[in-house]
Amino acid sequence: MEFVSEGCQGLTGFNPSDLLANKVRAYAALIHPDDRQRLTETIAQALTSQQSFEMVYRICTAAGEEKWVWEKGIGVFSPESKLLALEGFITDFTDQKRSEQALVSENLRLRSTMRDRYQFGDIVGKSPAMQKVYQLILNAAAADANVIIYGESGTGKELVARAIHDLSDRSSGAFVPVNCGAIPENLFESEFFGYRKGAFSGAAQTKAGYLDTADHGTLFLDELGEINQSMQVKLLRAIEGGGYTPLGSSAVHKPDIRIVAATNRNLSQMVSEGQIREDFFYRIHIIPIQLPPLRERKEDLPLLIDHFLKQENDSKHPPRISGHTLDALLNYHWPGNIRELQNVLHRYVTLGQLDFLDPRSPARTQAAQPVDEVEETWQGYQAAIEAYEKSLFRKALERHHWHREKAAASLGLPRRTFFEN
């Protein structure tokens, strides 16, 4: 070492003079033994090509503490290409590295438990279809690209949008939900971009728009297909960095927002029919997530029923339910999806009656008895669930000629489930 700055002591614990000409300790001796070869090879390769190099590695300080450092350097050569010295800069990188390692560990932990998850935030389900959705939520949260969530009405699109926001780097910002289908066409611009006091008749005070409110956060656009083409152009300009001007103002606002949109319509078809601009579609349609309808993941019904009954009863022990009632719930096709299930269970608990919204349903409306008048023919909820699971397992085994591994795979369950039951 021919020159060392005063910052050396804070980084290594040695005075600058200690490292000069290897007086007390050579800097190379501070490098962690596991990183020396890698650093040596990196520098040698850079010197051979006479290029700069940079690398993150560990050092051991005078106090025996392990630190991560970032080094960037370059060789100093004579006109004859003879190496004269190495010139570089070394700084403490420990906090950044620990944060990175913590994120990696957390991501690995989430991924390792994802297959067995029964619930992800406020989303309930353990079916293979929902495990795929959970993985897409993680992937979307790690990125900062716009997301489009497809799914029928009542499948939980806003819950997925909130989960993406809560797991992302924008979680400290606002999550701003907007029901595009509920905004009159003549109010779209003032609602999204805001307005200044006196901008129009009735504008008694300045109001921030949705885009300003969602700055540094997430703007959730529900029913995206309801936005007209004129507004699509203005939104596209705003989210591409061109900004927008609130009504009655001359100032251009350029918010930092991420858009998560949702729809139950076919946007690709709307593009081909000229209802959605192609440039707007491709700006929004970066990370697509498709939510399955409830009828395609009926294996999640017992979990969802248990979840909503506990909510309704406000306790860990849900109300008891008969096998006949459970059968009716499991055999219904749920056109209104999870929202309809929640409403049906709410009426069941509060009114003592199980009825379905679809008049075509073969399941009859039936009166439910109060819990304190339950007859012996009624069984506890857990017993009903266990009976349903046994029936489900038996049908899977029969369908696969009693081959346990194939039966387990068909239900998206681990192989050991059929050896434990």
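Quick note: the coordinates plus some simple rules give every number you see, no bench work behind them. Keep in mind the model is a prediction, meaning the values are calculated, not measured. All Cβ positions, glycine included, derive from the backbone under ideal geometry; neighbour counts span all protein chains shown.
Treating each Cα of the stretch 8-97 as an identical point scatterer and summing with the Debye formula, the log10 of I(q)/I(0) at q = 0.13, 0.18, 0.19, 0.26 Å⁻¹ comes to -0.46, -0.86, -0.94, -1.40.
How far is helix 33-48 tilted, in degrees, relative to the longest principal axis of the Cα atoms in the chain, given as a value from 0 to 90 rounded to the nearest 10? Taking Cα atoms only, the helix is inclined about 70 degrees. The angle between the Cα long axis of helix 157-167 and the main principal axis of the chain comes to about 30°, on a 0 to 90 degree scale. Entry note, the chain: the mean residue ellipticity at 222 nm calculated from DSSP H runs of n ≥ 4, each adding -39500 (n - 2.57), is -12000 deg cm²/dmol after division by the residues and rounding to the nearest 500. Ordering SER49, LEU411, HIS346 by Cα displacement along the dipole of the chain toward the positive end leaves LEU411 in first place; charges were set at the Cβ atoms of Lys, Arg (+1) and Asp, Glu (-1).
Tell me, rounded to the nearest percent, the portion of alpha carbon pairs in the stretch 207-311 spaced more than 18 Å apart. In whole percent, the share of Cα-Cα pairs in the stretch 207-311 beyond 18 Å is 59.
Between VAL56 and ALA182, the contour length at 0.36 nm per residue exceeds the Cα-Cα span by 40.1 nm.
Convex hull volume of the C-alpha atoms in the chain, normalised per residue: 290 Å³.
Taking label positions 7 Å along the Cα-Cβ direction at both GLN135 and ALA85, the computed distance is 5.4 nm, reported to one decimal. For the set LYS23/LYS72; LYS72/LYS97; LYS132/LYS310; LYS157/LYS406; LYS97/LYS132; LYS157/LYS298, the pairs lying more than 21 angstrom apart at their alpha carbons are LYS23/LYS72; LYS132/LYS310; LYS157/LYS406; LYS97/LYS132. Just checking the listed ones, GLN51, GLN96, GLN311: in the Gaussian network model of the chain with Cα springs under 10 Å, the one fluctuating most is GLN51.
Under the rule a/c < 1.5 gives rounded, and otherwise a/b versus b/c splits prolate from oblate, where does the stretch 152-204 land using the Cα gyration tensor? Oblate, because a/c is 1.5 or more while a/b does not exceed b/c.
Compared with the dominant principal axis of the Cα atoms in the chain, helix 337-351 is inclined by about 50°.
The phi torsions of the stretch 253-263, fed into the Karplus equation with coefficients 6.51, -1.76 and 1.60 and a -60° offset, translate into couplings of 9, 10, x, 9, 10, 10, 9, 10, 10, 9, 7 Hz, rounded to whole numbers, with Gly and Pro shown as x. Computed from point charges on the beta carbon alone (+1 for Lys and Arg, -1 for Asp and Glu), the dipole magnitude for the stretch 170-313 about its Cα centre is near 360 Debye.
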